[in-house]
Structure formats: structure tokens, C-alpha cells
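Working notes for the structure below.
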Amino acid sequence: LKGSLIIGNNLSQEGVTVVQHDLAGQQLYGIGSIVSNGPTSVFTAAGSLQAFSESQNSFSAFSGPNLSDGVGYFFTPSSNVKLEIEGEPIVSLPSTALSYTTGTSLSTAGWNFTANPFTSSFNVNKGLELTNADKAVYAWSNGRYFVWNGTTGSLANGIIPSGAAFFVKATSTSGQMT
């Protein structure tokens, strides 16, 4: 994955990045951290945070101290909230192994919930390289999934917003994302 730092309305830079998110309560958001090892407490103090398990093909409560870089989570705020997340911005992400559990159903094996870790949006066709994985991505927004298969789909021009989570599907145990 490759991205760029864009300084705009809600972003300031003084050694660390501070990003503000205005989120409506009781809505489900697919999120990821755009700062290295983003603190979980920012989210858990304001609502429910869930992580996806590829081997179980399900979400469960997440309570670790930090969000993992490049990993997607579902977040549901208890009420309307303005979150402030600060830390060192993620500027590159090494190749990431995609999970694929053998012995499970082909329809459920290989689903990985990842996230755009950068402070800018990126185009899936230009900023995402998948090996031994389906080329489609599935992003959650406004109560439904948006799909992009590399050419067409409901995800506008294949653009993944900053900090947004999305699914990719590994097709073998050697799946990679860069």
C-alpha cells in the first residue's frame, strides 16, 4: 500500500498527527488506524470495537492496547462523538501475509479485514497489490458493502478513504498484500 500525507481541515502536524473524526452514534463503521499502533482506548471509551477472525469467520470484541497497523475493525459509537487520534502517521506498510485457514469452507476461508492506514485515500488499482488473492475489495459504508473488482463496482472509482476498512479474500495460504 502506498499513500501520501495531506494536510487539510482536521489535520495538524507538530511531531505527531492529530486526526478528528465526527461519528454518529449507533452506526457501524469499518475503521483502521492511520497512526502507528493507534490506541484502542480512544475507541473503547466511546463505544464497541470488534476485530475479525479469519479462522472463525466472525467478529468479536477487541480489547488489546493498540490497533494493529493495516488491520480493519468494526466500531460502533454509543452516541455521537468526536474522536481525536494522535500519533506518528503511517507512511509505509510492509508486505502483509493474508490469513487462509485450510479445512474450512471455500466460501468462508481467506477473508481478511484490512484497512487503509494512510492519511489520504488511495486508488485500489494503483495503491494495492494482491498476490494469491481475489482482486476484488469489499468496503463497508453507510450500512452496506461497496465492491470494486479492479475495473468496475459500487465503490466509486476503487477509492478507499483514509482509515477505512475493507475485506480482501486470500485464495491460498501464501496470500500477500502490499
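The values are calculated or read from the model by the stated rules, or taken from the named source; none is laboratory data. Being a predicted model, the structure only gives us computed values, none of them experimental. Please note: Cβ atoms are built from the backbone with ideal geometry, for glycine as well, and neighbour counts cover all protein chains shown. All accessible areas refer to the heavy atoms of the entire protein, side chains included, with ligands and DNA or RNA removed. Shrake-Rupley method; radii C 1.70, N 1.55, O 1.52, S 1.80 Å.
Quick check on my filter: what residues within segment 120-148 are over 17 Å from VAL71 (Cβ atoms) and surrounded by 22 or more Cβ atoms within 10 Å (Cβ to Cβ)?
Within segment 120-148, VAL124, TRP148 qualify.
Go through segment 154-173 and give me each residue that's in contact (Cβ under 8 Å) with a residue 60 or more places away in the chain and closer than 27 Å to SER55 by Cβ.
Of all residues in segment 154-173, those in contact (Cβ under 8 Å) with a residue 60 or more places away in the chain come to 162-168, 170-173.
Passing the criteria: GLY163, ALA164, ALA165, PHE166, PHE167, VAL168, ALA170, THR171, SER172, THR173.
Taking only pairs six or more apart or across chains, which ones have beta-carbon atoms under 7 Å, a first residue in segment 139-153 that is more than 16 Å from LEU128 (Cα to Cα), and a second residue that is open to solvent by less than 50 Å² (accessible area, probe 1.4 Å) and not in a strand (DSSP E or B)?
Hits for this filter: PHE146/LEU155.
Would you list the strands (runs of 3 or more DSSP E) that sit entirely within segment 32-88 and hold 2 or more residues that are among the polar types (S, T, N, Q), modelled with pLDDT of 95 or more and over 23 Å from LYS169 (Cβ atoms)?
On the way: elements: 47-53, 58-61, 73-77, 81-87.
Once the strands (runs of 3 or more DSSP E) in segment 32-88 are filtered for at least 2 residues that are among the polar types (S, T, N, Q), modelled with pLDDT of 95 or more and over 23 Å from LYS169 (Cβ atoms), nothing remains.
Scan segment 111-122 and tell me whether some residue there is within 27 Å of GLN26 (Cβ to Cβ), in contact (Cβ under 8 Å) with a residue 24 or more places away in the chain and touching a helix residue (DSSP H, G or I) at 6+ places or on another chain (Cβ under 6 Å).
Scanning segment 111-122, I find no residue that is within 27 Å of GLN26 (Cβ to Cβ), in contact (Cβ under 8 Å) with a residue 24 or more places away in the chain and touching a helix residue (DSSP H, G or I) at 6+ places or on another chain (Cβ under 6 Å), so the answer is no.
Could you run through segment 89-106 and say how many residues are in a loop (DSSP other than H, G, I, E, B), of a type in the set (A, V, I, L, M) and surrounded by fewer than 17 Cβ atoms within 10 Å (Cβ to Cβ)?
Final tally of qualifying residues: 2.
Kindly indicate which of ALA109, ALA115 is under 16 Å from MET177 (Cα atoms) and surrounded by 15 or more Cβ atoms within 10 Å (Cβ to Cβ).
When all the criteria are applied, what remains is ALA115.
Just to be sure, is VAL19 in a strand (DSSP E or B) and either on the phi > 0 side of the Ramachandran plot or of a type outside the set (Phe, Trp, Tyr) (or both)?
On the way: in a strand (DSSP E or B): yes; either on the phi > 0 side of the Ramachandran plot or of a type outside the set (Phe, Trp, Tyr) (or both): yes.
In short, yes.
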